[in-house]
Structures are given as structure tokens and as C-alpha cells.
Amino acid sequence: NHNNLRYFHDPLLRTLDICLKALVDSLKLMGVYDDVVIFTQSDFARTLRSNGTYGTDHAWAGHSFVMGGSVNGGMYGSEPDYTLGGPMDVSNLGRFIPEYSIEQYYSTLLRWFDVPETLIPLVLPAIPLFPTNNIGFMQT
């Protein structure tokens with residue numbers, strides 16, 4: 001999926017949507033929806049501008065989503081400004097620095113798993129580098 005993203009990516013997202021709905025419906029039917037968290041994570045994204053060969057280069061700030069009965073729904077972080085060369089683009093190619101680190105996502109999930117606050121830095125040694133270690137998307 002490095003080029004023609006709309007053509008190739010849209011059907012994949014539709015398939016993902018159908019599969020996640022089936023999973024959620026099954027979890028609800030089994031009565032365990034509140035006990036399961038579905039989480040996506042990626043260390044990189046793609047640039048918004050083509051690299052000249054109809055492809056895109058590696059970037060930062062990919063999207064993540066979290067689903068489950070114990071998730072506080074909504075968008076976390078500010079709405080990105082996807083203007084090429086705009087205030088959030090660090091490369092004029094559509095490469096953005098993420099607002100939250102993956103450590104902050106994991107730290108939030110670890111709390112939901114009842115990992116004691118004192119152990120979180122042992123699991124995530126870089127977590128003290130960030131201003132918050134709980135984004136707030138999980139019910140406590």
C-alpha cells in the first residue's frame with residue numbers, strides 16, 4: 001500500500017470495519033465486551049505527498065484506535081492540520097510529529113490491566129520523558 005492509497009486502501013478499511021464489527025458483536029453476545037480491548041499501533045505512517053514514483057515515504061504520526069466496552073470514546077489529541085508545508089508538517093512532504101507517544105498509549109492500557117503505577121516505568125522506561133502517562137481513553 002505505498003501508492004494509489006485511495007484505490008487500494010479504501011476496500012481494506014471496509015473489510016477491517018466488517019471484521020471488527022463481527023468481533024464486537026461476538027464479544028457482546030458472549031458477555032465479555034467490557035473485558036476486551038482492541039488496539040492498533042504503528043511506529044510509522046506514510047507521507048501525504050508522493051515521492052515522485054507514485055509512492056509515499058515513511059513518516060511519523062500514524063493513527064491508532066482503541067475499541068472495547070471499557071473505552072472512553074472520542075478523539076484524543078488535537079485535530080491535525082494536514083496542510084503540506086503547514087505548521088505541523090516538519091518536512092513539506094506531509095510528515096507530522098505525533099502528539100502522543102506509543103509509550104503513553106501503553107501506559108494508559110497498563111493501568112486498565114491493573115499494573116501498579118510504580119511498575120509502569122519498569123515496563124516503559126521512557127515514560128518519565130512525557131508530560132502525561134495516562135491519556136484517559138480507558139475507564140478506571
*Right, residue 76: among the aromatic types (Phe, Trp, Tyr), open to solvent by 70 Å² or more (accessible area, probe 1.4 Å), without any contact (Cβ under 8 Å) to a residue 40 or more places away in the chain and within 29 Å of residue 17 (Cα to Cα) or not?*
no
_Qualifying positions in the stretch 58-100 - within 21 Å of residue 129 (Cβ to Cβ), out of contact with any strand residue (DSSP E or B) (no Cβ under 8 Å at 6 or more places or on another chain) and not charged (D, E, K, R)_ = 76, 77, 78, 97, 98, 100
*Residue in the stretch 31-64 that is nearest to residue 104 (Cα to Cα), counting only those that are open to solvent by less than 40 Å² (accessible area, probe 1.4 Å), modelled with pLDDT under 90 and of a type in the set (A, V, I, L, M, F, W, C)*: 61
*Take the residues of the stretch 99-114 that are out of contact with any helix residue (DSSP H, G or I) (no Cβ under 7 Å at 6 or more places or on another chain) and of a type in the set (A, V, I, L, M): which is farthest from residue 66 (Cα to Cα)?*
102
*Among (1) open to solvent by 60 Å² or more (accessible area, probe 1.4 Å); (2) in a helix (DSSP H, G or I); (3) touching a residue at least 24 places away in the same chain (Cβ under 8 Å), where does residue 108 come up short?*
(1)
*asked:* Looking at (1) within 21 Å of the chain's Cα centre (by Cα); (2) within 30 Å of residue 104 (Cβ to Cβ); (3) open to solvent by 70 Å² or more (accessible area, probe 1.4 Å), which one does residue 28 not meet, given that it meets all the others?
replied: (1)
_Which listed residue, of 86, 69, 94, 74, is in contact with a helix residue (DSSP H, G or I) (Cβ under 7 Å, 6 or more places away or on another chain), assigned to a loop (DSSP other than H, G, I, E, B) and farther than 24 Å from residue 124 by Cα_ = 69
*Working carefully through the options 69, 77, find the one that is closer than 15 Å to residue 137 by Cβ, modelled with pLDDT under 95 and touching an Asp or Glu at 6+ places or on another chain (Cβ under 6 Å).*
77
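The values are calculated or read from the model by the stated rules, or taken from the named source; none is laboratory data. Worth saying up front: this structure is predicted, and the values here are computed from it rather than measured. Reconstructed Cβ throughout: ideal geometry from the backbone, glycine too, with neighbour counts over all protein chains shown. SASA here: full protein model, heavy atoms, side chains in, ligands and nucleic acids out. Shrake-Rupley method; radii C 1.70, N 1.55, O 1.52, S 1.80 Å.
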